[in-house]
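Below is one structure; the comments refer to it alone.
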Amino acid sequence: MTVQKRITVLGVMLFGILTAASAQRPASWYFDEASKIHISGKTDTAIKLLEEGVGHWPYNPLIRDLLAQLRKQKKDQDKNQNQDQDQDKKQDQNKQDQEKQNQQDQQKPEQQKQQQQQQQQRQMSKADAERILEVLKNNEKEVQRKLRQQKAAGRPKAEKDW
């Protein structure tokens, strides 16, 4: 036999031995090992081991019940984790909204103050309005006086012929 054939034969024999060894494990071993693994916090690994045990011992109620219980527990944990994540997202959003509202509330007095200043700048005091009106009247009087002078200077005097 060649070396390659020997390795192939040894591999097949080793696979057969491992398969036979796992098949010879009692159902209680799967139950006990899965329980230990679950207690250590590795629920996914425990579920895989129990699934293997159900493959070898399909009618064993201990393995089937523990597998169903761990699957339900895993599903509940995932559901709770998703709910916790959703709550965390909602809390973060609420916190951001509150911070935004606080910033807006802080800016409101400043904005109101600026608006008041702008309104005050837009609104003229009575004295300012009177001064502007007086200047306009004086300008109008000056323009009218100049127009009268131009008309008088440019108009020839009519001779009376009677």
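Remark: accessible surface ordering of LEU49, LEU70 (largest first) is LEU49, LEU70, probe radius 1.4 Å. Phi angles across segment 138-152 convert, under the Karplus curve 6.51 cos²θ - 1.76 cosθ + 1.60 with θ = phi - 60°, into 3J(HN,Hα) values of 4, 5, 5, 4, 5, 5, 5, 5, 5, 5, 5, 5, 5, 5, 5 Hz, Gly and Pro given as x. 3J(HN,Hα) couplings calculated from phi for segment 27-37 with the Karplus curve 6.51 cos²θ - 1.76 cosθ + 1.60 (θ = phi - 60°) are, in sequence order, 4, 5, 5, 4, 4, 5, 5, 5, 5, 4, 5 Hz; Gly and Pro show x. Of GLN83, GLN104, PRO26, which is farthest along the charge dipole of segment 22-135 in the positive direction, counting Lys and Arg as +1 and Asp and Glu as -1 at C-beta? Comparing the listed Cα positions along the dipole, PRO26 ranks first.
With protein chains left intact and a 1.4 Å probe, residues in segment 53-95 average 84 Å² of accessible area per residue. Applying 0.36 nm per residue to the separation of LYS126 and TRP29 and subtracting their alpha-carbon distance, the gain on full extension is 24.9 nm. The order of SER125, SER40 by accessible area, most exposed first and with a 1.4 Å probe, is SER40, SER125.
A simple spin-label model places pseudo-atoms 7 Å from Cα toward Cβ; at GLU142 and ASP105 they are separated by 5.8 nm.
Applying the Kirkwood pairwise sum to the alpha-carbon positions of segment 56-162 produces a hydrodynamic radius of 24.1 angstrom. Please report, to two decimal places, log10 I(q)/I(0) for segment 55-99 at q = 0.20, 0.23 Å⁻¹ as given by the Debye formula with identical point scatterers on the Cα atoms and no solvent. So the normalised log intensities are -0.70, -0.78.
Which residue, GLN121, GLN73, ALA152, has the largest displacement toward the positive end of the dipole of segment 65-157 when charges sit on each Cβ (Lys, Arg +1; Asp, Glu -1)? The listed residue farthest towards the positive side: ALA152. Under a no-solvent Debye model with one identical scatterer per Cα of segment 65-127, what's log10 I(q)/I(0) at q = 0.13, 0.24 Å⁻¹? Scattering profile of segment 65-127, log10 relative to I(0): -0.64, -0.94. Between SER40 and ASN82, the modelled labels are 3.0 nm apart [label points 7 Å from Cα along Cα→Cβ]. Once the chain from LYS95 to ARG71 is taken as fully extended at 0.36 nm per residue, the excess over their C-alpha distance is 5.1 nm.
Would you mind checking the pairs LYS36/LYS72; LYS48/LYS89; LYS36/LYS74; LYS42/LYS89 and listing those with alpha carbons more than 24 angstrom apart? Result: LYS48/LYS89; LYS42/LYS89 exceed 24 Å. Of the solvent-accessible surface of segment 42-162, computed with a 1.4 Å probe and all protein chains present, 46% belongs to carbon and sulfur.
The values are calculated or read from the model by the stated rules, or taken from the named source; none is laboratory data. What you are looking at is a predicted structure, and each value in this text was computed from that prediction instead of being measured. Neighbour counts run over all protein chains shown; Cβ positions are idealised from the backbone, glycine included. SASA here: full protein model, heavy atoms, side chains in, ligands and nucleic acids out. Shrake-Rupley method; radii C 1.70, N 1.55, O 1.52, S 1.80 Å.
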